[in-house]
1. Counting partner chain Cβ atoms within 10 Å of every residue's Cβ in B:36-43, what's the average?
2. Need the list of aspartates and glutamates near A:Lys120 for cross-linking: C-alpha distance under 16 angstrom, and skip anything on the same chain fewer than eight residues off.
3. Find the centroid of the Cα atoms in the range A:161-211 and in the range A:334-377, then give the distance between the two in whole Å.
4. Using a 1.4 Å probe on the protein chains only, how many percent of the accessible area of the range B:267-316 belongs to carbon and sulfur?
5. Of A:Ser114, A:Ser46, A:Ser151, which has the largest mean-square fluctuation in a 10 Å C-alpha GNM of chain A?
6. Quickly work out the A:Gln5-to-B:Met102 label distance, labels modelled 7 Å from Cα along the C-beta direction, and quote it in nm with one decimal.
7. Please report, in debye to the nearest 20, how large the charge dipole of the protein assembly as shown is about its Cα centre when each Lys and Arg carries +1 at its beta carbon and each Asp and Glu carries -1 there.
8. In what sequence, largest accessible area first, do A:Arg14, A:Arg75, A:Arg350, B:Arg170 appear using a 1.4 Å probe?
Number of protein chains: 2
Amino acid sequence: MLSFQLLATQGHARRGRLTLNHGVVETPVFMPVGTYGTVKGVMPRSLVEMGAEIILGNTFHLWLRPGVEVLKQFRGLHRFEAWDKPILTDSGGFQVWSLGAMRKISEEGVKFASPVNGDKLLLTPEVSMQIQSVLNSDIVMQFDECTPYESKGVLTTEAEAYASMALSLRWAERCRTEFARLENPNALFGIVQGGMFENLREASLDALVAMDLPGYAVGGVSVGEPKDEMLRVMAHTPHRLPAHKPRYLMGVGTPEDLVQGVADGVDMFDCVMPTRNARNGHLFTRFGDLRLRNARYRQDQRPLDPTCTCHCCAAFFSRAYLHHLDRCGEMLAPMLASVHNLHYYVNLMREVRQALDAGAFEVFRAQFKRDRERGID
Amino acid sequence: MLSFQLLATQGHARRGRLTLNHGVVETPVFMPVGTYGTVKGVMPRSLVEMGAEIILGNTFHLWLRPGVEVLKQFRGLHRFEAWDKPILTDSGGFQVWSLGAMRKISEEGVKFASPVNGDKLLLTPEVSMQIQSVLNSDIVMQFDECTPYESKGVLTTEAEAYASMALSLRWAERCRTEFARLENPNALFGIVQGGMFENLREASLDALVAMDLPGYAVGGVSVGEPKDEMLRVMAHTPHRLPAHKPRYLMGVGTPEDLVQGVADGVDMFDCVMPTRNARNGHLFTRFGDLRLRNARYRQDQRPLDPTCTCHCCAAFFSRAYLHHLDRCGEMLAPMLASVHNLHYYVNLMREVRQALDAGAFEVFRAQFKRDRERGID
């Protein structure tokens, strides 16, 4: 089940409400990534507190560990990871593609050796749908091939991008058939591919729209292409998707990318950046990014961002304390930094929604840009 | 400031209330260890939730990182680590002693090279008092020499144990003088040494009691001696300490050790075991210990302990989920396991206090033993 209500628009930007089997998601939304059934370093209740309404899981990883037998026992991912709000799972396509030389792609699917135990495995559109049915995720992504931007320094040609996109379309059809056969009560999203070629993106989009899926994603961005190429695809594809269905931009990106994505008509985002950067001492704030390992923070008694309401800032953990924890390799450093960064992303989307509700998205966007460019004190 | 109220006794076991500058501590009490200004892997608010009333900090570690200059800026450890309840700091004696060949002990103090940056450092009774004054910990431990149980396989002789104990007494006097000179408003504890020799323990105790300090610790146990030797010292020393002052058994131990310690007249305990074992998948429960890495837990949907009220058990994180997180090296495994283990220790002392309040400590102790020996389902 999925229903999507479009509440307001401003230019391409949209304010919406997504109703899924496990709850309601206000859009635009940022979805924290929980690869192995855990958003790294963060308690589920911290996610609830910061206002996260939907998180991701990774089919590829969860297939390998703990495996479908365990997840079947728990009747899905929700109870296994003690998260009762909506979950979106990717199809595993991006992860097997990322294995590089370790995998072999054919019409049937992708053969690869398990990075965990070396087992020879075959992931197909049908297997991906079967695993995602076991996961019982609210949003199921089609199995696709992610078209690379380049391979060994050589740009992907239009012919290569076409072949890849066409394969993803044939896989989309197989996903739809298997999803229906499994009587999965959740929602299947298609993924627009086509590399950096607008005409291929349009062909992919048209074919997927003809399948009348409940939502669509833009894939194959943030795969190593230059920023202006990514922005070109973002400006091209999202707003062409059906207006009455949710639009998801996969794997993007910085706070600036998210705000741009909203302006381009995107409703849903996910990215590992807030959690990964947190573990490396890279913190996001309203007034630009803060590099915790910089010696200037050694005696800095201020919170990361005095205007931030996350547990880390509100409970008066100081920059000096976080700097110290990081320097000592203490777990509390990535724990607090992950809460802060995820809260920043989740809250940024809350502010975007408030601006859209008030009909003031462009005013918000200009202020956001000024604040971020001001830089940290 | 320290006041200690003895509320009830049963045999040597005592129920008490300790009032310190930052709050009240009900005894017997377990004190989580926060070496570098953080109880490893646990948010301060989780400590509050589980009912921890006092935590430890380590003078040695905090001297090296972040250093006294930073801690001075924060006017002590409490604000630095965002913990407003009582703190006890050890003197650094045990840590420099643990450096082994890396340090040189003289009448003046202990010379050693910083394990962080190689700097040549000298820790003396006076320096320890000065650092602990900066930390502003509610309970300050005297600087002492921990008498080893053996050295290179040779047991410490009585003459060696005597010399070591006598040095600790001279250092106790110097600590008392410096503590007074610094006008430290907190409470200084003396540490009984004497190795495995009852007569030396008694001499140490008598000399320290003559100094009329506000509290006393038993040190030099849990330093590699056989269990029966430790139990012998525990049975000998604590109940001989002044009845109207708090008694602290340093660095001990298992849940069974703690209950035995209470029976021996101890009021305060600390140990790294709950947090360290948590990180190694060793979990404490009412019905014995659980080794999370055992394959039998791969599909076990039950919480660690159905009778436990910690966040990990109450929020229905299952053994299978924790097993999975541990196997994947996910941070949430040690985070949840640390909350569970610390809650177990803190709650065990709460149950001990309730039993003492009800005049039923021996009944409790027998039930505790039966439950723990029953073993995990």
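1. Per residue, the number of nearby Cβ atoms from other chains is 6 on average.
2. Hits, sequence-local ones excluded: A:Glu108.
3. With the range A:161-211 and the range A:334-377 each reduced to a Cα centre, they are spaced 33 Å.
4. On the way: 1110 of 2180 Å².
Carbon and sulfur: 51 percent of the exposed surface of the range B:267-316.
5. Judging by the Gaussian network model, the answer is A:Ser151.
6. Distance between the two pseudo-spin positions: 6.3 nm.
7. In debye, rounded to 20, the protein assembly as shown gives about 120.
8. Heavy-atom accessible area, descending, gives A:Arg75, B:Arg170, A:Arg350, A:Arg14.
The values are calculated or read from the model by the stated rules, or taken from the named source; none is laboratory data. Since this is a predicted model, take the numbers as computed values, not measurements. As a convention, Cβ positions derive from the backbone with ideal geometry for all residues, glycine included, and neighbour counts pool all protein chains shown. When the accessible area is computed, the model is the full protein with side chains, heavy atoms only, and any ligands, DNA or RNA have been set aside. Shrake-Rupley method; radii C 1.70, N 1.55, O 1.52, S 1.80 Å.
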